[in-house]
Amino acid sequence: MLTLLTTTGTRDYAWMLCQKYMHRQTYSGRVRWIIVDDGENAQQITFKRPGWDLIVLRPEPFWQHGQNTQQRNLLAGLRYVPNDAWLLIIEDDDWYASDWLAVCEKHLRDFYMFGERNARYYNVEKQVLRRLNNKNHASLCATAMRGPVLDLFRTMCASDRDFGFIDGKIWKRVAPQQKHLVGGTRVVGMKGLPGRDNIGIGKELRGVRDS
């Protein structure tokens with residue numbers, strides 16, 4: 001079984017797309033999908049697929065404009081993640097190739113941590129692309145983990161000191177023989193969608209560039 005953890009809220013269109021991308025996944029095993037929705041109005045869940053179990057959480061107080069509730073919501077979801085889980089972070093504002101779950105499951109057989117480097121972001125409003133130069137770590141949206149790395153992730157999510165830029169920090173702290181990075185375009189961050197603003201680089205993407 002794979003466990004997915006998604007934090008969302010007040011992003012109806014992005015959430016609709018996220019459900020679509022998960023529904024078309026080629027992975028045929030069982031999946032537990034933990035969805036943490038902190039918007040005042042619950043987002044519509046239309047997803048149904050045999051072998052997939054959904055756990056929906058509605059943490060309060062609900063999100064207000066200008067807040068960053070990512071840490072709180074990840075912690076809320078992690079309470080439902082078993083210690084032996086194979087965990088994938090699925091973000092609601094990213095595009096996922098149809099074989100993403102299958103690829104993660106394959107590599108997690110041999111490593112405690114797997115991900116895709118050189119993150120790509122596409123602003124759909126401005127139709128511009130940016131490719132980052134993160135050669136040594138994956139963005140959280142393109143990271144899968146299990147075993148001791150999952151334990152480390154729990155600890156870092158509970159720490160204000162460790163949580164900022166958690167993706168880069170956790171990849172740096174995991175031993176080389178325990179993790180595996182690949183290139184590719186199986187995950188693309190989508191920016192400029194309607195609804196709640198993104199965290200990190202987002203609507204400031206103004207042109208095609210490498211960094």
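A single member of V36, V31 is touching a Pro at 6+ places or on another chain (Cβ under 9 Å), within 21 Å of L87 (Cα to Cα), at pLDDT 95 or above and not polar (S, T, N, Q), and it is V36. A count restricted to region 72-101 and to residues that are buried (at least 16 other Cβ atoms within 10 Å of the Cβ), of a type outside the set (D, E, K, R) and touching a Ser or Thr at 6+ places or on another chain (Cβ under 8 Å) stands at 12. Filter region 151-189 down to the residues that are modelled with pLDDT of 95 or more and of a type in the set (K, R), then identify the one that is nearest to N123 (Cα to Cα). Going through the qualifying residues, I end up with R186. E105 meets the conditions (1) acidic (D, E); (2) modelled with pLDDT under 95; (3) surrounded by fewer than 22 Cβ atoms within 10 Å (Cβ to Cβ) in every case but one. The failed one is (2). Put simply, of A76, A85 the only residue that is among the small types (G, A, S), on the phi < 0 side of the Ramachandran plot and in contact with a helix residue (DSSP H, G or I) (Cβ under 7 Å, 6 or more places away or on another chain) is A85.
Okay, residues lined up against (1) open to solvent by less than 30 Å² (accessible area, probe 1.4 Å); (2) part of a helix (DSSP H, G or I):
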{"residue": "Y122", "(1), (2)": "no, no"}
{"residue": "A138", "(1), (2)": "yes, no"}
{"residue": "C141", "(1), (2)": "yes, yes"}
{"residue": "L150", "(1), (2)": "yes, yes"}
{"residue": "R154", "(1), (2)": "no, yes"}
{"residue": "K169", "(1), (2)": "no, yes"}
{"residue": "L181", "(1), (2)": "no, no"}
{"residue": "T185", "(1), (2)": "no, no"}
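Among the residues that make up region 74-85, is at least one of them under 18 Å from M190 (Cα atoms), in a loop (DSSP other than H, G, I, E, B) and of a type in the set (G, A, S)? Looking for residues that are under 18 Å from M190 (Cα atoms), in a loop (DSSP other than H, G, I, E, B) and of a type in the set (G, A, S), one finds none in region 74-85, hence no. If you take the residues in region 27-37 that are under 18 Å from the mean Cα position of the chain (by Cα) and more than 24 Å from E125 (Cβ to Cβ), which one is most open to solvent (accessible area, probe 1.4 Å)? Checked region 27-37; the qualifying residue most open to solvent (accessible area, probe 1.4 Å) is R32. Would you please name the residue that is farthest from M190 (Cα to Cα), looking only at residues in region 7-26 that are touching a helix residue (DSSP H, G or I) at 6+ places or on another chain (Cβ under 6 Å) and open to solvent by less than 20 Å² (accessible area, probe 1.4 Å)? Only one residue fits best here, namely Q25. Please specify each residue of region 21-70 satisfying the condition of being aliphatic (A, V, I, L, M), farther than 19 Å from G195 by Cα and outside any strand (DSSP E or B). Across region 21-70, the qualifying residue is only M22.
The values are calculated or read from the model by the stated rules, or taken from the named source; none is laboratory data. All figures in this text were calculated on a predicted structure; none of them were measured in a lab. Positions of Cβ are backbone-derived with ideal geometry, glycine not excepted, and every protein chain shown enters the neighbour counts. Only protein heavy atoms, including side chains, enter the accessible area calculation; ligands, DNA and RNA are left aside. Shrake-Rupley method; radii C 1.70, N 1.55, O 1.52, S 1.80 Å.
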